[in-house]
Amino acid sequence: MKRLIEAADIQSKVSELGRRIADEYRGRPLTVIGVLTGGVVLVSDLIRSIDLPLRVGMIHASSYRGKATSPGDITLDVELLPDIRDRHVLVVDDIFDTGRTLAAVIDHIRTANPCSVRGAVLLWKERRREIDWEPHYFGFKIPDVFVVGYGLDYNDEHRSLPYVAALEEGDF
Ligand code: XMP
């Protein structure tokens, strides 16, 4: 695997995002929603960098189903989603690739009448976007390569790596 983004660079970017988010949401009721499973690492680091009282919830979205294939239909499990009526919602995921997963989550969140909804991701594969929407907060733009680490998996492995690495031909 080829390392793309080192752990220290991720940590300083997450702290920077946390400070920006705290400035922008100060005085407003904020709920941060992590997208399982890939968003679990970013959401746990990010909420500790946002120096505000906030609530945390989770939603489960699946599309890749554990393999490095193109995304199919997106399935949402909303069992862990708290009441977000009259709250400002920040949806946090690992990566914005085609954008279909975040779009499906945000469409669902909007049906629950929050005050506002924004998206935050660590990685953004800008050239793959298929929808007319962009994440409000992002850490790093990356080329169209399959990446693992910091929540991202291949066959449900490598999520716990503190850095982001690109899988190369022989790694699959
Ligand atoms: P979309 O295309 O809906 O994809 O924006 C978002 C979800 O797909 C997964 N994904 C990846 N997982 N390496 C991964 O391990 C990748 O390069 C990659 N690209 C997309 C991921 O679960 C994300 O939430």
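Every number in this text was worked out from the coordinates using simple rules, so none of it is lab data. Just so it is clear, the model here is predicted, and its values are computed rather than measured. Please note: Cβ atoms are built from the backbone with ideal geometry, for glycine as well, and neighbour counts cover all protein chains shown.
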Against the longest principal axis of the chain, how steep is helix 7-25, in degrees 0 to 90 to the nearest 10, with axes from Cα atoms? 20 degrees
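Report for region 51-172 the percent antiparallel among DSSP-assigned beta bridges with both residues inside it, nearest 5.
Details: 7 of 19 bridges.
Counting only bridges with both partners in region 51-172, antiparallel ones make up about 35 percent.
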Nearest 10 degrees is fine. How inclined is helix 100-110 to the longest principal axis of the chain, computing both from alpha carbons? 10 degrees
In whole Å, what three semi-axes, largest first, describe the equivalent ellipsoid of region 7-143 built from its Cα gyration tensor (square root of 5 times each eigenvalue)? 22, 19, 13
Ordered by packing density, taken as the mean number of other Cβ atoms within 10 Å over each peptide's residues, highest first, how do 27-39, 80-92 rank? 27-39, 80-92
Nearest 20 debye, what's the magnitude of the dipole of region 7-143 about its Cα centre given +1 on Lys and Arg Cβ and -1 on Asp and Glu Cβ? 140 debye
Tell me whether region 88-172 comes out rounded, prolate or oblate; compute the Cα gyration tensor, take square roots of the eigenvalues as a ≥ b ≥ c, and use a/c under 1.5 as the rounded threshold. prolate
